[in-house]
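To keep things clear, I will list the structure first and then write my remarks on it.
The values are calculated or read from the model by the stated rules, or taken from the named source; none is laboratory data. If you're wondering where the values come from, they're calculated on a predicted model, not measured in any experiment. Cβ placement follows ideal geometry from the backbone for every residue including glycine, while neighbour counts extend to all protein chains displayed. Keep in mind that these areas ignore ligands, DNA and RNA; they rest on the heavy atoms of the full protein, side chains included. Shrake-Rupley method; radii C 1.70, N 1.55, O 1.52, S 1.80 Å.
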Amino acid sequence: MNIALTVNGERMEAEVWEGESLLFALRERLGLPGSKNACEQGECGSCSVLLDGDLVCACLVLAAQANGHEVVTVEGVGAGTDLHPVQQAFVDAGAVQCGFCTPGLVVATAALLERTPNPTEYEIREALSGNLCRCTGYAKIFDAVRLAAAAR
Ligand code: FES
Ligand code: FES
């Protein structure tokens, strides 16, 4: 089937299989490999994207369900080559090791700060609880979130 959707502000179309995930379509059909595929079962958050403004795991959404909707991936969080403040904060705080979790964390953090500009520690941990990182121990990631919130 053919789907048409808006991705990062750009109208796109793709020919997809009915059972195919939005994550697969983004990565393999639309040339957007920023969203990572780590578990493919909604456990790790590495595939986090915004679907009509809501944070979702792209591996749990069918590409067909995104037909006619608006998606923002990590590629669309910043403005062109300018880093989003959250991306800059992850760099500045040293919150990236292997980087596999980073795209999902950036999208989830940007979504958090959009709705809660000055989150409490609890709100930060709650908002990122669906994003697993195997490397950092989370301390630097939480530093990055605080840094991004302070920079806004
Ligand atoms: S790849 Fe989607 S939650 Fe892990
Ligand atoms: S930096 Fe490696 S999984 Fe988070």
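Here are a few things to note about the model shown:
- Breaking point among (1) more than 11 Å from the chain's Cα centre (by Cα); (2) closer than 16 Å to residue 144 by Cα, for residue 79: (2)
- Only one entry of 20, 70 meets the criterion of being over 27 Å from residue 138 (Cβ atoms) and open to solvent by less than 30 Å² (accessible area, probe 1.4 Å), and that entry is 20.
- Residues satisfying the stated conditions in segment 143-152, i.e. part of a helix (DSSP H, G or I) and loosely packed, with under 15 Cβ neighbours inside 10 Å: 150, 151
- Scanning segment 106-127 for residues that are of a type outside the set (S, T, N, Q) and open to solvent by 10 Å² or more (accessible area, probe 1.4 Å) gives 110, 111, 114, 115, 117, 119, 121, 122, 123, 125, 126, 127.
- Going through (1) assigned to a helix (DSSP H, G or I); (2) closer than 19 Å to residue 24 by Cα one by one, residue 44 falls short only on (1).
- Taking every residue in segment 118-142 that is outside any loop (DSSP other than H, G, I, E, B) and pairing it with any residue that is within 11 Å of ligand 2 (Cβ to nearest atom), at least 6 positions away or on another chain, the pairs with Cβ-Cβ distances below 7 Å are 140/94; 140/95; 141/95; 141/105; 141/133.
- Within segment 17-66, the set of residues being out of contact with any strand residue (DSSP E or B) (no Cβ under 8 Å at 6 or more places or on another chain), of a type in the set (Lys, Arg) and more than 9 Å from ligand 1 (Cβ to nearest atom) comprises just one member, 27.
- Taking segment 51-109 as the range and being among the polar types (S, T, N, Q), part of a helix (DSSP H, G or I) and touching a residue at least 60 places away in the same chain (Cβ under 8 Å) as the test, only 88 passes.
- Picking from residues in segment 32-46 that are away from ligand 2 (no atom under 13 Å from the Cβ) and crowded, with 19+ Cβ neighbours inside 10 Å, the one that is farthest from residue 101 (Cα to Cα) is 32.
- Condition met for residue 103 (surrounded by fewer than 16 Cβ atoms within 10 Å (Cβ to Cβ) and in contact with a helix residue (DSSP H, G or I) (Cβ under 7 Å, 6 or more places away or on another chain)): no
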